[in-house]
There are 2 protein chains.
Amino acid sequence: MAEPKKELPVVIVLGRPSVLNFYGDQFSSKFRLLKPWESSLPLDQFISTHAQSVQAMFCTGTTCVTPSLLRQLPSLRVIVTTSAGLNHMDLDECRRLGISVANAGTVFSEDVADFAVGLLIDVLRKVSAANRFVKNGLWPLHGDYPLASKVGGRKVGIVGLGSIGLEVAKRLEAFGCIISYQSRKKKPVVYPFYPDVHELATKCDVLVICCALTDQTHHLINKEVLLALGKEGIIINIARGAIINEMELVQCLVQGEIAGAGLDVFENEPNVPEELLSLDNVVLSQHVAFLTEDSFRDLYELMSGNLEAFFLKKPLLSPVFDD
Amino acid sequence: MAEPKKELPVVIVLGRPSVLNFYGDQFSSKFRLLKPWESSLPLDQFISTHAQSVQAMFCTGTTCVTPSLLRQLPSLRVIVTTSAGLNHMDLDECRRLGISVANAGTVFSEDVADFAVGLLIDVLRKVSAANRFVKNGLWPLHGDYPLASKVGGRKVGIVGLGSIGLEVAKRLEAFGCIISYQSRKKKPVVYPFYPDVHELATKCDVLVICCALTDQTHHLINKEVLLALGKEGIIINIARGAIINEMELVQCLVQGEIAGAGLDVFENEPNVPEELLSLDNVVLSQHVAFLTEDSFRDLYELMSGNLEAFFLKKPLLSPVFDD
């Protein structure tokens, strides 16, 4: 090797990014990764022992980047997170301390949109339920099963028309769905815009949640919105669990106040409300909408590219803000 | 009622169409339906007792319309089938006997295409597998799961570019898939055309089977085609089971010669090869790709419209041929 390993730039890794399971060797050839999970020290002690001089952090969407964590890392200058969402980070405090932040940008947008559409087809057309029916050997025994709902013609409201929401809209248009959206502000698109999510729900058969989790969107989808969506209504969530009031969603599903749901994210992951596990009209997944071989390769390139750019004093590739 | 029921035109119903479960009253208000399954007589005797004068038959895609059945119904002049496929009928014999035939036309094309895309997303993105994982309570116990494959960029070969195939292509283009097709003859479309299915398989990651079952397409997809598709290859079948050599498909799936399958149809329905039931990379459904509330309403209107047209001596609405 041209450079001895000890001269590689040092990066502290928090939250154990799963991209390291696939591209760990490539990362390690470029950076000296400080991995608390490989140490016998408790996390706080690991940080205080190793990380006084650490300038770069690599973390995931489940790493709580709090003021107290930032105080433990006084030399920190950049945080690169594997997530698109930033709700796990105190961005104001990062900005105040002059710490640059880079995220996954739009690396996952297409994959997440694909998964959202997959969940919607699954709920409307009962694909997982059919698979379960056949795999349990029930087909030769029962001839009758409930009719499914057509995808085309469904009025789909997209909550948050960012890069994911736009990809969802593009796909569902090809199925003949009728798209409208809610967003903080009107976008330069032809789809009807509703500033109020309750009004969007009133006009739609399906809501696809694609917005970021912020103070403003926390529990944005509550019982009133779900009741406005109505008994034929379907909710798809591939954004963040806490955008929906999960307790009220569970109530509405159990009581038949809405028709079904496809949920990749939950308020208290990996815990999923018990009541949902037995519902045939609910399709659940383990926060994997972003998880493909292709997006992980792209993620590896973007994450290592951001870290390399930082150490070379070049502009970050996917800055949230870059000091 | 304006007309007494006995004067309604008589229709013999074979194969117990499931559209009668939903629109039975509407059919019965227009036609006197002869239903063998409500009789204590054996089928042959029911036909010979009631049906010497019957001019119209209403049947399903599982009703074998053979020369011997047609001989039992000497007055038959029209057959209306709830299926789009016609492989269950001896069309030459119908034509020879001057019996007109109407089918479901393109009523199901959009729904079947939606389901095909749903199966493909499910297999690539492991939706049903994820649903099973979460519903079995495994998420809190296991953090790692295999990466899925991106939908976009996949080279998808459509076998049979009729109305269903075209709808599949339109949808998958919106996901960024690269479409090509095999068909009896070249169509006026921009997608690359391969007259030979083996060559199509060589060029593609995914085959979506959308053709009719005929003598020419029986076992069209055999081991050679599957091996040409390769270890990353995926098969989706929403057409007819016997277009694939099912035994060879099962072998290829079990031995990992292809990567996965989404199958709505089988050679010996409702029986599904035992080996497929436990495979995580195979998504199965019970021949329901066409089955939605919307398509059943359309089907009711088309089927009753064809029968009405026949009795009024008007042209059939969806003739296969109309004498």
Legend entry - Number of positions in segment B:38-67 that are among the small types (Gly, Ala, Ser), under 28 Å from the mean Cα position of the chain (by Cα) and open to solvent by 10 Å² or more (accessible area, probe 1.4 Å): 1
Inset, instruction - Tell me, yes or no, whether segment B:90-98 has at least one residue that is within 20 Å of B:Ala239 (Cα to Cα) and modelled with pLDDT of 95 or more. - result: yes
Legend entry - For B:Asn131: the one exception among (1) open to solvent by 10 Å² or more (accessible area, probe 1.4 Å); (2) at the interface with another protein chain (Cβ under 8 Å from one of its Cβ atoms): (1)
Legend entry - Residue within segment A:299-309 that is surrounded by fewer than 20 Cβ atoms within 10 Å (Cβ to Cβ) and within 14 Å of another protein chain (Cβ to nearest Cβ) present: no
Inset, instruction - Hey, can you tell me all the residues within segment A:4-34 that are in a loop (DSSP other than H, G, I, E, B) and either hydroxyl-bearing (Ser, Thr, Tyr) or on the phi < 0 side of the Ramachandran plot (or both)? - result: A:Pro4, A:Leu8, A:Pro9, A:Pro17, A:Ser18, A:Phe31
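This table checks each residue for (1) within 30 Å of A:Lys314 (Cα to Cα); (2) within 14 Å of chain B (Cβ to nearest Cβ).
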{"position": "A:Arg77", "(1), (2)": "yes, no"}
{"position": "A:Thr81", "(1), (2)": "yes, no"}
{"position": "A:Cys94", "(1), (2)": "yes, no"}
{"position": "A:Ser109", "(1), (2)": "yes, yes"}
{"position": "A:Asp122", "(1), (2)": "no, yes"}
{"position": "A:Val127", "(1), (2)": "no, yes"}
Inset, instruction - Name every residue in segment B:68-88 that is closer than 21 Å to B:Tyr300 by Cα and either open to solvent by 10 Å² or more (accessible area, probe 1.4 Å) or in a loop (DSSP other than H, G, I, E, B) (or both), in order of residue number. - result: B:Arg77, B:Thr82, B:Ser83, B:Ala84, B:Gly85, B:Leu86, B:His88
Legend entry - Sole exception among (1) in a strand (DSSP E or B); (2) free of Cβ contacts under 8 Å to residues at least 12 places away in the same chain for A:Val156, by number: (2)
Legend entry - For A:Arg171: the one exception among (1) in contact with a helix residue (DSSP H, G or I) (Cβ under 8 Å, 6 or more places away or on another chain); (2) in contact (Cβ under 8 Å) with a residue 40 or more places away in the chain; (3) part of a loop (DSSP other than H, G, I, E, B): (3)
Legend entry - Residue among A:Leu277, A:Leu227 that alone is within 14 Å of another protein chain (Cβ to nearest Cβ) and either under 30 Å from A:Asn21 (Cβ atoms) or modelled with pLDDT of 95 or more (or both): A:Leu277
Inset, instruction - Identify, by number, the condition in (1) of a type in the set (D, E, K, R); (2) within 14 Å of chain B (Cβ to nearest Cβ); (3) open to solvent by 20 Å² or more (accessible area, probe 1.4 Å) that A:Asp114 doesn't meet. - result: (3)
Legend entry - In segment A:5-48, the residues that are under 20 Å from A:Phe290 (Cα atoms) and among the hydroxyl-bearing types (Ser, Thr, Tyr): A:Ser18, A:Tyr23
Inset, instruction - Just name the residue that is nearest to the chain's Cα centre (by Cα) out of those in segment A:17-32 that are open to solvent by less than 30 Å² (accessible area, probe 1.4 Å) and hydrophobic (A, V, I, L, M, F, W, C). - result: A:Val19
Legend entry - Out of B:Leu166, B:Leu120, B:Leu161, sole residue that is within 19 Å of B:Leu213 (Cα to Cα) and either at pLDDT below 95 or open to solvent by less than 10 Å² (accessible area, probe 1.4 Å) (or both): B:Leu161
Legend entry - Pair list, Cβ < 6 Å and 6+ apart or interchain, from segment B:182-200 residues that are more than 18 Å from B:Lys223 (Cα to Cα) to residues that are among the polar types (S, T, N, Q): B:Tyr191/B:Ser180; B:Pro192/B:Ser180; B:Tyr194/B:Gln182
Inset, instruction - Please work out if B:Gly105 is modelled with pLDDT under 95, on the phi > 0 side of the Ramachandran plot, among the small types (Gly, Ala, Ser) and outside any helix (DSSP H, G or I). - result: yes
Legend entry - Any chance A:Leu141 is open to solvent by 40 Å² or more (accessible area, probe 1.4 Å), modelled with pLDDT under 95 and of a type in the set (A, V, I, L, M, F, W, C): yes
Legend entry - Unique match (being in the same structural domain as B:Val197 (by the TED database), among the β-branched types (Val, Ile, Thr) and within 30 Å of B:Val78 (Cα to Cα)) among B:Ile258, B:Ile244, B:Ile221, B:Ile238: B:Ile238
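The values are calculated or read from the model by the stated rules, or taken from the named source; none is laboratory data. None of the values given here were measured: they were computed from a predicted structure. Backbone-built Cβ (ideal geometry, glycine too); neighbour counts: all protein chains shown. What goes into the accessible areas is simple: the full protein's heavy atoms, side chains included, and nothing from ligands, DNA or RNA. Shrake-Rupley method; radii C 1.70, N 1.55, O 1.52, S 1.80 Å.
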